[in-house]
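Visitor: Sharing a structure here in structure tokens format.
Read the figures in this text as sums done on the coordinates, not as results from a lab. What you are looking at is a predicted structure, and each value in this text was computed from that prediction instead of being measured. Cβ sites come from the backbone with ideal geometry, for glycine too, and all protein chains shown count toward neighbours.
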Amino acid sequence: MGASADPALPRFVQLVLDVLDPVAARAFWTAALGYVPDRRVAVTDIVDPRRLGPVLVFQDLDPADAERRAQRNRIHLDLTVPSDAAAARVRAAVAAGGTALSTDVGRWRIADPEGNEVMIRGE
């Protein structure tokens, strides 16, 4: 078939979010992305059930560590879903602790409990 392995390509990609409340962040991003919790015990990861998107990991951030909190990155994800599924995905994300920030035709901007945003688009 002409396929060949490239050992230089990444084998695994995960996105790590430093959060104050891993439980709340995990609930929001699970609902927003349609991901599922990792089945392993004692991990906060969520995974794409189709195994196409990156794993998201929620790393507990010490609220007393003001210096680290000040320098942590903010993230913004874009998510495109079928038009007839977009509104339900938005409702699920808000019900899971998200805040609706703005709405445009076919586009919703929502923030997780710590202010990170996702733009959900229906196409």
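Visitor: For a quick check: with amide H placed at 1.01 Å from N, whose amide H comes under 5 Å from residue 80's, ignoring anything fewer than 5 positions away on the same chain?
Guide: Amide H to amide H, under 5 Å and 5 or more residues apart or across chains, residue 80 pairs with 121.
Visitor: Sticking with this structure for a sec: Among 4, 56, 23, which residue has its Cα furthest toward the positive end of the charge dipole of the chain, with +1 on Lys/Arg Cβ and -1 on Asp/Glu Cβ?
Guide: 4
Visitor: Which Cα, out of 119, 66, 83, lies furthest along the positive dipole direction of the chain (beta carbon charges, K/R +1, D/E -1)?
Guide: The Cα lying farthest towards the positive end belongs to 83.
Visitor: A further question on this structure: Across bins of 10 angstrom width beginning at 0, how are the C-alpha pair distances of the chain distributed, in whole percent?
Guide: Taking all Cα pairs of the chain, the binned fractions are 12, 40, 31, 14, 4, 0 percent.
Visitor: Residues in segment 33-56 near a label at residue 85, defined as backbone nitrogen under 11 Å from the 7 Å Cα→Cβ point?
Guide: 33-35, 49-50
Visitor: Can I ask one more? Could you go through segment 93-106 in sequence order and give the Karplus-derived ³J(HN,Hα) for each residue, using 6.51 cos²θ - 1.76 cosθ + 1.60 with θ = phi - 60°, rounded to whole Hz, and x for Gly and Pro?
Guide: Using θ = phi - 60°, the values come out as 5, 5, 4, 8, x, x, 10, 6, 9, 7, 9, 9, 4, x Hz.
Visitor: Using a Förster distance of 41 Å, how high is the FRET efficiency between residue 5 and residue 39, based on the Cβ-Cβ distance and rounded to 0.05?
Guide: Rounded to the nearest 0.05, the efficiency is 0.90.
Visitor: Out of all DSSP beta bridges in the chain, what portion is antiparallel? Express it as a percent rounded to 5.
Guide: 50 percent
Visitor: Quick one: order 20, 33, 52 by neighbouring beta-carbon count within 10 Å, fewest to most.
Guide: With the fewest neighbours first, 20, 33, 52 line up as 52, 20, 33.
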